Amino acid sequence: MTAALPGIKGVLFDLDDTLLDHRGAADAAIVAWVSAHSPGHPRLDEVAVLWAGLEGPYLAMWHAGTCSLQEQRRLRLRALCQELAVPAPVDLDVAYADFSERYRQNWTAHHDVAQALAELDGLVLGVLTNGTQRLQEAKVRAIGLAGLVGPVLTGEVLGGHFKPSPAAYTGAAAALGLAPEEVLLVGDDVDKDVTGPAPTGMRSVWLDRLGVEPPPAGFPRITTLTDLPPLIR
């Protein structure tokens, strides 16, 4: 545990793999989808890792405006099928909707979320996430956090600015009615949630649930959200 962080009036949380077990839900969903699409596939045990590896690059294309949200989904699913050497579905939109429904069925909050939020009473809270506005709001409701974590802020409501754009952090702080220096960002992605906000004056904490790597120099690390309230108080 590092020294306390003074002057914090608000906390922004990343959503996926910070509050919500995105990786667990996505892994279960894509394995189930491939099992249904190609029963008995010999590389089924690799599917979750392959899908996770495709997520970042294709989402980055959407964030950069080089393709639409729907197109990046099609491209990602087609790339997975190509890697697994199975025919891509004729209707990729229907196929992705099938995966998406399986994903939704597996949404759960991480076990430490409720306790941590309860101990942050008195602070302004919000969610800063790179997903789509409608989907991320649905996740917050599904895991029982609606009304507990304040506004859900995505690039879609921040002028097209996604993490790690400086405007995403300053815009999110403004949405909380605070200066960046008064806000702490907590998340699992080093580039987007930890080092990214530093140039704006916003402070950050790396949530490293696996606890296997040292934090970037000068940034605190926690391995569970229950370590967050003492760090602030």
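Points to keep in mind about this one:
- Given (1) among the aliphatic types (A, V, I, L, M); (2) buried (at least 17 other Cβ atoms within 10 Å of the Cβ); (3) farther than 27 Å from residue 77 by Cβ, number of the condition residue 114 does not satisfy: (2)
- Test: residue in segment 33-42 that is under 25 Å from residue 79 (Cβ atoms), assigned to a helix (DSSP H, G or I), open to solvent by 40 Å² or more (accessible area, probe 1.4 Å) and of a type in the set (A, V, I, L, M): yes
- First in segment 102-126 and closer than 12 Å to residue 24 by Cα, second anywhere and modelled with pLDDT under 95 and not acidic (Asp, Glu), Cβ under 9 Å, 6 or more apart: 110/209
- In a residue-by-residue description of segment 65-77, the property of being within 15 Å of residue 38 (Cα to Cα) and of a type in the set (A, V, I, L, M) applies to at least one position.
- No other residue among 159, 171 is within 16 Å of residue 10 (Cβ to Cβ), open to solvent by 20 Å² or more (accessible area, probe 1.4 Å) and out of contact with any strand residue (DSSP E or B) (no Cβ under 6 Å at 6 or more places or on another chain) apart from 171.
- Pairs linking a residue in segment 141-159 that is farther than 20 Å from residue 114 by Cα to a residue that is modelled with pLDDT under 95 and not in a loop (DSSP other than H, G, I, E, B), with Cβ atoms under 8 Å and 6 or more positions apart or on different chains, are 155/63.
- Given (1) touching an Asp or Glu at 6+ places or on another chain (Cβ under 9 Å); (2) farther than 25 Å from residue 17 by Cβ, index of the condition residue 108 fails: (2)
- Number of the condition not met by residue 170 [criteria: (1) without any contact (Cβ under 8 Å) to a residue 40 or more places away in the chain; (2) under 25 Å from residue 23 (Cα atoms); (3) hydroxyl-bearing (Ser, Thr, Tyr)]: (2)
- Residues that are part of a helix (DSSP H, G or I) and touching a His at 6+ places or on another chain (Cβ under 9 Å) within segment 74-102 comprise 81, 84, 95, 98, listed in sequence order.
- Residue in segment 43-53 that is touching a residue at least 12 places away in the same chain (Cβ under 8 Å), open to solvent by less than 60 Å² (accessible area, probe 1.4 Å), part of a loop (DSSP other than H, G, I, E, B) and among the small types (Gly, Ala, Ser) present: no
- Restricting attention to segment 198-232, the residues being in a loop (DSSP other than H, G, I, E, B), open to solvent by 10 Å² or more (accessible area, probe 1.4 Å) and not acidic (Asp, Glu) number 14.
- Annotation: of all residues in segment 70-85 being within 24 Å of the chain's Cα centre (by Cα) and surrounded by fewer than 16 Cβ atoms within 10 Å (Cβ to Cβ), the one that is farthest from residue 159 (Cα to Cα) is 78.
- Residues located in segment 4-35, provided they are free of Cβ contacts under 8 Å to residues at least 12 places away in the same chain and over 17 Å from residue 141 (Cα atoms): 6, 35
- Yes/no for residue 88 being out of contact with any helix residue (DSSP H, G or I) (no Cβ under 8 Å at 6 or more places or on another chain) and open to solvent by 20 Å² or more (accessible area, probe 1.4 Å): no
- Qualifying positions in segment 142-156 - among the hydrophobic types (A, V, I, L, M, F, W, C) and surrounded by 16 or more Cβ atoms within 10 Å (Cβ to Cβ): 143, 145, 149, 152, 153
The values are calculated or read from the model by the stated rules, or taken from the named source; none is laboratory data. Remember, it's a predicted structure, so these values are computed and weren't measured experimentally. We place every Cβ from the backbone using ideal geometry, glycine too, and count neighbours over all the protein chains shown. Heads up: the accessible areas ignore ligands, DNA and RNA and are worked out on the full protein's heavy atoms, side chains in. Shrake-Rupley method; radii C 1.70, N 1.55, O 1.52, S 1.80 Å.
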